[in-house]
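Reading through the structure tokens given below for one structure.
FYI, it's all coordinate maths here, none of it is from the lab. Note that the structure is predicted; figures quoted are calculated from it, not measured. Virtual Cβ from ideal backbone geometry, glycine too; neighbours counted across all protein chains shown.
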Amino acid sequence: MNPADIALLVELLKRRTGIALNPAKTHLIESRLTPVARQFGFRKADALLRDLLRHGREAMWRAATEALTTNDTWFFRDRAPFEQFRDAVLPVLALRRAATRKLRIWCCAVSTGQEVYSLAMLLQETPLLAEGWDIELIATDLNSQSIARAREGLYTSYEVQRGLGIRRLITYFNQEGDKWRIAGRLGRMIQFRTFNLLDDAGWVGTVDAVFCRNVLIYFEEPVKARVLDRLAGTLAEDGYLITGNAEMPDKVVPFFEALPGRRGLYAVTRPAFMLVSGTY
Amino acid sequence: MKHCMIVDDSRVIRRVASRILEDLSFETSEAESGQMALEACRHRMPDVILLDSHMPSMSYLEFLRTLRRQANGAHPVVVFCTTENDVGHINDALGAGANEYIMKPFDRESLQSKLAEIGMA
């Protein structure tokens, strides 16, 4: 593949999604674009890329963007953020929201759904639902194919055994042939939607916590700040942000304050009413 | 160093699993049948047992029930390895005393992830 074409692709992808791919990863780009090339009648990825850059057809751009931004994921990935949410965040939110008994949580880059279903399982294991709490999970991803898979909730044996213990498997899944389908009671907690984090998140409304894991690392600083602003804007003034463990190594993060002793857990630092969305 | 016993009638599988486990800083031992594994457990109980679900002479269910009745037999964490993607099969193993399962073929990543779930890696 032509390095100049790749450099242009990387730049245009960044404008569309904020995601900064490493142009040196030619092999990764080529392997991800090859199935898209075939889908559009090209034999090889470089032919697709030339056509894409010359004509810029939207359907092709969408398919290429989805192929280049799909991320690997698994159930209870990294474990600690889920345990931290259950042990440190949920008890505080349960106290603060005791009057309304209502919680809204946004998982903003769920890929094929494992993260949000893990969270739904964890919530099922607390007494909140049995006590009549109304818990709504909002699951979004840039990739519409990933969201369609997430919504379907059907996983292979390989996928369910990545991160998922045997008891959770038989409690929350039903076997369908050689695959496993997530139980309806989990799916009903979740609203799925394709969404680009660079777009206006006003439709999300106010949420109590945002899971934004393994996403921010793909953004350059100005884009990261813009996304963090958006996330802060959706959070209640006492809300929490959960990121990947090592995603924001700086102690000072715009709009958020790192909670001492808690990796990847932040409290929002400015009230939601002060935020002005769409200022960029 | 944690000790993991690999119980499988296939020598190749035992070698592959041993290599992965040794890379993960486990001490390993191998047994090619349920009887040999039980005999070895009488001398030295491992921390983890990786148990194949298809063994010729003694079934994995019989192995599990006998192990759990043995002195200190409640101690090892048993991960049973299966090619059967079947909830009935999984329930039988749990009922007989297995703690976790892993589907074959497994690789280093899936085995490491399973061992992490049970607090062993």
| message | As an exercise, use a Förster radius of 45 Å and the Cβ-Cβ distance of B:D107 and A:H55 to find the FRET efficiency, rounded to the nearest 0.05. | response | 0.60
| note | Share of Cα-Cα pairs in chain B beyond 17 Å, whole percent, is 50
| note | Computed curve, segment A:56-194, Cα-only Debye sum without solvent term, log₁₀ I(q)/I(0) at 0.15, 0.17, 0.18, 0.21 Å⁻¹, is -0.76, -0.95, -1.04, -1.32
| remark: At R0 = 56 Å the Cβ-Cβ FRET efficiency linking A:A47 and B:Q35, nearest 0.05, sits at 0.35
| query | What is the spread of the Cα atoms of segment A:3-69 along each of their three principal axes, largest first, in whole Å? | reply | 27, 23, 20
| All lysines inside 21 Å of B:K114 as judged from Cα atoms, apart from same-chain residues fewer than 8 positions distant | A:K179, B:K2, B:K104
| said: Which of A:T156, A:T70, A:T234 ends up with the largest GNM mean-square fluctuation for chain A, with Cα atoms connected below 10 Å? | reply: A:T156
| said: Within segment A:159-175, name every residue whose backbone N is under 18 Å away from a label modeled 7 Å from Cα of A:A130 along the Cβ vector. | reply: A:168, A:171-172
| How are the C-alpha pair distances of segment A:80-274 spread across 5 Å bins, as whole percents from the shortest bin up? | 1, 7, 16, 20, 21, 16, 11, 5, 2, 0, 0
| field | Residue mean of other protein chain beta carbons inside 10 Å, A:176-183 | value | 1
| remark: Long-range share for the protein assembly as shown, i.e. C-alpha pairs more than 28 Å apart as a percent of all pairs, stands at 56
| Debye log10 I(q)/I(0) at q = 0.12, 0.22 Å⁻¹ for segment A:156-272, Cα point scatterers | -0.58, -1.15
| query | Computed FRET efficiency, Cβ-Cβ of B:A71 and B:S25, R0 41 Å: what is it to the nearest 0.05? | reply | 0.90
